[in-house]
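Below is one structure, written out as structure tokens; comments come after it.
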Amino acid sequence: MAWQTIDRLTPVVDEKAPPVLSEAVREKIRSFFPRYETRRAALLPALHVVQDALGHVSKAAMKEIAEVLEIPPSAVMDTLSFYTHFWDHPKGKKVIVLCRSLSCQVMGADRVLQEVKDQLKVEEHGTTADGQYSLLTEECLAACDHAPCMLINEKMHKRVKADDVAKIIKDVKNADVTMPRSHLFDKPAAAAVELPKTSDVKEMKDA
Amino acid sequence: MAKYEPVLLKNVGVPDIRKLDVYRSRGGYASAKKVLTEWTPDQAVEIIKSSGLRGRGGAGFPCGMKWSFLPPDRKITYLCVNADESEPGTFCNRVLMEEDPHQLLEGILIAGFATRSTAAYIYMRVEFHEQFHILQKALDEAYAAGLFGKKLFGTDYNLECYIHRGAGAYVCGEETGLIESLEGKRGWPRIKPPFPAIEGLFRRPTVVNNVETICCVPHIVERGVEWFKSIGTENSAGPKLYTVSGPVKRPGCFEAPLGLSCRDLIFGDDYGQGMLEGKKVKGCIPGGLSVGVLTEKELDCKLDFDDVRKYGLLGLGTAGAIVIPHDADIRHVLANITRFYSHESCGQCTQCREGTNWLYKIAKRIAAGAGRVADLDLIVEVTKNMGMMGGLSICGLPDGAAFPIRTIVEKFRDEFEDHIRRQEPGRVEYMIKHVNPAAYELPILGSRSVQAAV
Ligand SMILES: Cc1cc2nc3c(=O)[nH]c(=O)nc-3n(C[C@H](O)[C@H](O)[C@H](O)COP(=O)(O)O)c2cc1C
Ligand code: SF4
Ligand code: FES
């Protein structure tokens with residue numbers, strides 16, 4: 001539920017700790033600036049970049065993102081907490097996302113879910129003790145023709161049968177098909193528009 | 001009837017079609033060149049207007065008309081391409097981006113020119129990993145060939161195009177939710193008016209269009225308005241991608257003129273090819289989850305912008321059919337649907353946040369074998385009091401929730417009552433005592449203070 005705050009247990013940021021974002025990550029975030037009229041618009045790409053680099057977006061990382069974007073840290077927290085794809089605490093190396101919407105359900109997603117739980121001994125939205133796997137359920141992944149389907153990091157597994165779950169998971173474990181999480185590491189962009197001055201925006205508003 | 005020649009999917013199966021030169025060798029980017037070098041933007045808007053192209057994103061709003069709402073004296077305009085596709089049962093945008101990325105890019109060029117946009121943002125849901133890489137590669141190639149950027153086709157027109165990835169929220173498909181999300185905020189839909197055409201992204205005039213709508217544009221330019229109008233029915237011109245999923249022999253994405261019947265979509269040889277061995281149809285949700293359900297007897301419903309309403313549905317939606325098999329427990333189907341909306345409500349409006357959540361709670365209870373017949377009335381009651389159509393909420397999500405939930409309860413009422421009658425005796429009392437007393441204290445709205453809104 002997007003409007004519920006889930007986590008109040010993460011400790012507050014240690015002011016003396018060294019920064020968590022490397023210069024490369026900061027540079028990557030800055031490369032998104034020319035795309036948009038405001039810095040804040042680069043927040044979603046920035047969160048993706050940081051989550052790719054660190055695996056999650058900690059409170060400290062949020063603060064540093066806020067610095068780079070020159071917005072209040074609360075704005076970062078506000079946005080992050082809305083989206084299911086961003087997490088503020090560590091998840092497993094491989095994130096399994098199972099679809100639970102109607103097409104997949106009538107094709108047997110429940111049984112697949114149960115099988116994954118049994119195989120990995122993990123609950124929904126939980127992480128295995130060894131930190132290898134996290135299990136999430138999400139709404140329709142727009143692959144209903146392949147129902148029931150399951151994303152493991154970036155790879156879509158189609159028409160998953162309960163009997164195949166063990167094999168798929170084992171495959172991912174042994175053969176190295178670990179994929180990077182959604183990475184936005186494409187080329188930096190040219191400027192979209194000559195950035196208008198703030199006064200310009202106001203003018204248009206008044207008109 | 002002559003066999004239908006696909007338009008939007010005409011390049012499917014052509015080897016290497018994702019590459020620019022292959023796409024070009026099949027006449028690609030000729031339409032864009034024609035529009036940019038020979039037409040004025042207003043001319044292009046006029047053409048799209050007269051073609052009768054209606055938005056494919058769900059609302060069916062006439063596309064040319066939307067473009068003509070932009071204020072004429074604007075300096076900066078943005079084009080947002082809605083590739084958020086998260087309506088359950090829908091995947092045609094995914095297929096378009098996978099199979100023919102340059103078709104979309106060409107459409108963006110023309111739509112961008114017609115609306116005099118300075119930048120185009122493709123808002124893509126984050127779960128589209130493979131599709132993102134495909135489209136980004138195509139975009140890079142187009143940039144390298146000078147198709148995007150500055151001075152396109154030797155004219156003075158400049159257009160930048162970016163892919164912006166979402167982060168998993170259904171409301172970000174709503175056009176103002178999408179805009180908020182693009183601005184780096186929570187995807188909270190805005191109160192309208194002002195409509196995006198007047199004040200959208202970064203408070204500039206903005207056009208939001210679905211991927212499939214944009215993909216139709218180059219074909220209208222290439223073959224003309226009359227040709228486009230000759231496909232489909234009178235009020236619903238043009239080709240449409242239909243998708244079908246669930247226990248059918250050939251689930252997938254198929255192109256047909258608007259007005260295909262739901263039965264054909266499921267059983268037609270060119271489409272779903274019938275049900276899997278041993279499965280029968282109980283019902284079908286023909287247009288993405290939000291439009292409502294058809295029973296087996298109603299399958300002859302034509303899927304266009306008008307006919308669906310005769311069957312009590314919200315509209316055409318995205319034309320993504322979900323087939324519900326005869327052996328599915330209708331109570332679980334209801335619980336699944338209500339869960340979706342209660343999970344995806346963004347929580348701004350009380351009616352939507354509470355309404356969808358209570359519907360889920362009631363449905364869960366019924367599914368747990370502790371329903372009451374009065375619960376069914378309660379569900380219908382709640383769905384009538386939470387939508388945008390009744391002026392009670394900011395965006396259309398609760399309307400989209402109301403239709404499937406209400407139609408499923410109304411059309412399958414006998415089945416629900418049957419289940420409730422055969423429930424374990426004492427189950428309701430047990431739940432009241434031990435599980436959630438509060439949930440059963442709900443008054444059954446007999447004499448309502450709130451007027452039914454829809
Ligand atoms: C809750 C909600 C979710 C929506 N999701 C999508 C979506 O995923 N993709 C889409 O194209 N339109 C979606 N829409 C419709 C858009 O608001 C908008 O009407 C559409 O993008 C306009 O494009 P079109 O005129 O080309 O159809 C959604 C609407 C609502 C109310
Ligand atoms: S109607 Fe629902 S989803 Fe739409 S803005 Fe209100 S709370 Fe959010
Ligand atoms: S319902 Fe599972 S991918 Fe659409």
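Scoring B:LEU53 on the criteria (1) within 14 Å of chain A (Cβ to nearest Cβ); (2) touching a residue at least 60 places away in the same chain (Cβ under 8 Å) leaves a single failure, condition (1). Being within 14 Å of another protein chain (Cβ to nearest Cβ) and within 16 Å of ligand 1 (Cβ to nearest atom) narrows it down to one of B:GLY64, B:GLY112, so name that one. Answer to the selection: B:GLY112. Count of the stretch B:149-179 residues, restricted to those that are open to solvent by 10 Å² or more (accessible area, probe 1.4 Å) and part of a loop (DSSP other than H, G, I, E, B), is 9.
Among residues of the stretch B:56-69 being open to solvent by less than 10 Å² (accessible area, probe 1.4 Å) and in a loop (DSSP other than H, G, I, E, B), the one that is nearest to ligand 3 (Cβ to nearest atom) is B:ARG56. Taking the stretch B:96-131 only, how many residues are open to solvent by less than 20 Å² (accessible area, probe 1.4 Å) and under 22 Å from B:GLY320 (Cα atoms)? Counting residues in the stretch B:96-131 that are open to solvent by less than 20 Å² (accessible area, probe 1.4 Å) and under 22 Å from B:GLY320 (Cα atoms) gives 15. A count restricted to the stretch B:193-251 and to residues that are at positive phi and within 14 Å of chain A (Cβ to nearest Cβ) stands at 3. Does B:VAL217 meet the test of being open to solvent by less than 10 Å² (accessible area, probe 1.4 Å), within 22 Å of the chain's Cα centre (by Cα) and in the same structural domain as B:THR115 (by TED's automatic domain parsing)? Taking the combined requirement at face value, the residue satisfies it. Only one of the listed residues (B:ILE324, B:ILE405, B:ILE330) is within 14 Å of another protein chain (Cβ to nearest Cβ) and within 16 Å of ligand 1 (Cβ to nearest atom). That residue is B:ILE405.
On inspection, B:LEU36 does not qualify as in contact (Cβ under 8 Å) with a residue 60 or more places away in the chain, crowded, with 20+ Cβ neighbours inside 10 Å and in contact with a Pro (Cβ under 7 Å, 6 or more places away or on another chain). Exactly one residue out of A:LYS28, A:LYS94 is within 29 Å of A:ALA147 (Cα to Cα) and either modelled with pLDDT under 85 or not β-branched (Val, Ile, Thr) (or both), and it is A:LYS94.
In this entry, B:LEU397 is excluded by the filter for residues that are at pLDDT below 90, within 16 Å of ligand 2 (Cβ to nearest atom) and under 30 Å from B:PHE195 (Cα atoms). When restricted to residues that are part of a helix (DSSP H, G or I), facing chain B (nearest Cβ under 9 Å) and not basic (Lys, Arg), the stretch A:35-50 contains 8. In summary, A:GLU124 fulfils each of the numbered conditions (1) touching a strand residue (DSSP E or B) at 6+ places or on another chain (Cβ under 9 Å); (2) outside any loop (DSSP other than H, G, I, E, B) with the single exception of condition (2). Show the residue pairs that are 6+ apart or on different chains and have beta-carbon atoms under 9 Å apart, the first residue being within the stretch B:245-267 and part of a loop (DSSP other than H, G, I, E, B), the second being among the β-branched types (Val, Ile, Thr) and surrounded by fewer than 21 Cβ atoms within 10 Å (Cβ to Cβ). From the stretch B:245-267, the pairs are B:LEU258/B:ILE231; B:LEU258/B:THR233; B:GLY259/B:THR233. Quick check on B:GLY355: is it touching a residue at least 24 places away in the same chain (Cβ under 8 Å), over 14 Å from B:THR407 (Cβ atoms) and within 16 Å of ligand 1 (Cβ to nearest atom)? Spelling it out, B:GLY355 is indeed touching a residue at least 24 places away in the same chain (Cβ under 8 Å), over 14 Å from B:THR407 (Cβ atoms) and within 16 Å of ligand 1 (Cβ to nearest atom). Set side by side, the residues B:GLU130, B:GLU106, B:GLU199, B:GLU160 differ, and just one is more than 15 Å from ligand 1 (Cβ to nearest atom) and modelled with pLDDT under 90, which is B:GLU130.
With the checklist (1) within 16 Å of ligand 2 (Cβ to nearest atom); (2) within 14 Å of chain A (Cβ to nearest Cβ) in hand, flag the one item B:VAL382 doesn't pass. That leaves (2) as the condition not met. Of everything listed in (1) of a type outside the set (A, V, I, L, M); (2) in the same structural domain as B:CYS301 (by TED's automatic domain parsing); (3) modelled with pLDDT of 90 or more, the single unmet condition for B:THR318 is (3). A:GLN105 fulfils the conditions (1) within 12 Å of chain B (Cβ to nearest Cβ); (2) open to solvent by less than 10 Å² (accessible area, probe 1.4 Å); (3) away from ligand 2 (no atom under 16 Å from the Cβ) except for a single criterion, (2).
The values are calculated or read from the model by the stated rules, or taken from the named source; none is laboratory data. This structure is a prediction, so every number in the text was calculated from the model and none was measured. For neighbour counting, all protein chains shown are included, and Cβ atoms are generated from backbone atoms with ideal geometry for every residue, glycine included. Just the protein is used for accessible areas: all its heavy atoms, side chains included, with ligands, DNA and RNA removed. Shrake-Rupley method; radii C 1.70, N 1.55, O 1.52, S 1.80 Å.
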